[in-house]
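Visitor: Here it is, the structure, as structure tokens.
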Amino acid sequence: MDDLPHVPQAETDLPGTLELGAFSVSLNVADLARSQAFYEALGFEVVGGDEPTYLMMKNGRTTIGLFQGLFEGNILTFNPGLTDRMERLDRHLDIREIQAALQRAGLELTTSVADEPTEGPASLTLLDPDGNAILVDQFF
């Protein structure tokens, strides 16, 4: 991810109260090649991944991840420190700060960042009221 372009900070004029980073939908697919062909027909292009298990695809600012055999169901994914233009933010809200805000809001996490002071890559998960999985994944 060090080869991504850098920008100083997230756009400040966007709505929202907690900067979660880039958004994507992570889809659990049965056949990676078939799904890739389908989404390419919708105008998506491969921008990363590790075949034969997953591909990241973009169409404009929209990002989807195709994952074969890595998890059950589909996941709403946020990446702190990354913009929807695939730019790395020099300054961003760290996942540990996001976790603290979610806990202050009374949300129950299904997995969390370690309690001891840490920095760098980490992730947390939670479920929305309808059981949809949400992953907040900071990978740098």
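Each value in this text was obtained by applying a stated rule to the coordinates, not by laboratory testing. Bear in mind that the values here come from a model prediction, so they are computed numbers and not experimental data. Cβ: placed from backbone, ideal geometry, glycine included. Neighbour counts: every protein chain shown.
Visitor: Out of the residues in region 50-63 that are hydroxyl-bearing (Ser, Thr, Tyr) and touching an Asp or Glu at 6+ places or on another chain (Cβ under 9 Å), which is surrounded by the fewest Cβ atoms within 10 Å (Cβ to Cβ)?
Guide: Of the residues in region 50-63, the ones hydroxyl-bearing (Ser, Thr, Tyr) are 53-54, 62-63.
Keeping just the survivors that are touching an Asp or Glu at 6+ places or on another chain (Cβ under 9 Å) gives 62-63.
Details: THR62: 14, THR63: 23.
Step by step, filter region 50-63, then rank; the result is THR62.
Visitor: Can you tell me which residues in region 95-140 are touching a strand residue (DSSP E or B) at 6+ places or on another chain (Cβ under 7 Å) and acidic (Asp, Glu)?
Guide: Of everything in region 95-140, those that are touching a strand residue (DSSP E or B) at 6+ places or on another chain (Cβ under 7 Å) and acidic (Asp, Glu) turn out to be GLU108, ASP128, ASP137.
Visitor: Would you be able to say whether some residue in region 65-80 is within 23 Å of ALA10 (Cα to Cα), touching a His at 6+ places or on another chain (Cβ under 8 Å) and either small (Gly, Ala, Ser) or surrounded by 11 or more Cβ atoms within 10 Å (Cβ to Cβ) (or both)?
Guide: Scanning region 65-80, I find at least one residue that is within 23 Å of ALA10 (Cα to Cα), touching a His at 6+ places or on another chain (Cβ under 8 Å) and either small (Gly, Ala, Ser) or surrounded by 11 or more Cβ atoms within 10 Å (Cβ to Cβ) (or both), so the answer is yes.
Visitor: Of everything in region 19-49, what is in a loop (DSSP other than H, G, I, E, B), surrounded by 13 or more Cβ atoms within 10 Å (Cβ to Cβ) and either under 15 Å from the mean Cα position of the chain (by Cα) or not β-branched (Val, Ile, Thr) (or both)? Give them in sequence order. It would help to see each step written out before you state the result.
Guide: So the first thing to find is which residues in region 19-49 are in a loop (DSSP other than H, G, I, E, B), and the list is 19-21, 29-31, 42-44.
From what's left, surrounded by 13 or more Cβ atoms within 10 Å (Cβ to Cβ): 19-21, 29, 44.
Selection gives GLU19, LEU20, GLY21, PHE44.
Visitor: Name every residue in region 81-133 that is of a type in the set (A, V, I, L, M), over 16 Å from the mean Cα position of the chain (by Cα) and assigned to a loop (DSSP other than H, G, I, E, B), in order of residue number.
Guide: The answer is ALA105, LEU107, ALA114.
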